[in-house]
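Reviewing the structure listed below.
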Amino acid sequence: ILGFSTPPGRLSMMAFILNALTCALGLLYFIRRGKQCLDFTVTVHFFHLLGCWIYNSRFPSSLTWWLVHVVCTALMAAIGEYLCMRIELREIPLNSAPKSNV
């Protein structure tokens with residue numbers, strides 16, 4: 001069903017790309033570490049590959065399927081790492097005023 005020539009194919013590819021963007025937000029919420037984003041992303045897409053292989057009873061051989069998943073993996077990892085690094089690089093608030101228990 002994935003393909004550039006038909007409207008359902010384009011819609012499916014857009015759904016995969018939007019899924020990658022929302023999963024990047026999931027990386028920010030659950031992982032919170034920039035170094036672990038690529039590992040988690042590749043693991044999720046590997047399990048998706050296994051699920052597709054089992055469900056269809058054959059290994060995915062379509063070039064568009066592989067192209068869409070490589071692009072989605074790259075998008076999810078890059079955006080997730082960017083978001084996580086923004087959180088990691090925030091300044092740590094230091095309160096230098098002396099505390100008194102009066």
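The values are calculated or read from the model by the stated rules, or taken from the named source; none is laboratory data. Because the structure is a prediction, the values reported are computed rather than measured. Cβ atoms come from the backbone with ideal geometry, glycine included; neighbour counts cover every protein chain shown. Surface areas here come from the heavy atoms of the whole protein model, side chains and all, with no ligands, DNA or RNA. Shrake-Rupley method; radii C 1.70, N 1.55, O 1.52, S 1.80 Å.
Quick rundown of the values:
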| quantity | calculated |
| --- | --- |
| Options Leu49, Leu28: the member that is in contact with a Leu (Cβ under 8 Å, 6 or more places away or on another chain) and either surrounded by 14 or more Cβ atoms within 10 Å (Cβ to Cβ) or in contact (Cβ under 8 Å) with a residue 24 or more places away in the chain (or both) | Leu28 |
| Positions within the stretch 11-25 being surrounded by 13 or more Cβ atoms within 10 Å (Cβ to Cβ) and β-branched (Val, Ile, Thr), in sequence order | Ile17 |
| Among (1) among the hydrophobic types (A, V, I, L, M, F, W, C); (2) without any contact (Cβ under 8 Å) to a residue 40 or more places away in the chain; (3) open to solvent by 50 Å² or more (accessible area, probe 1.4 Å), the one test that Leu75 misses | (2) |
| Yes/no for Val42 being open to solvent by 40 Å² or more (accessible area, probe 1.4 Å), free of Cβ contacts under 8 Å to residues at least 12 places away in the same chain, part of a helix (DSSP H, G or I) and closer than 25 Å to Met85 by Cβ | no |
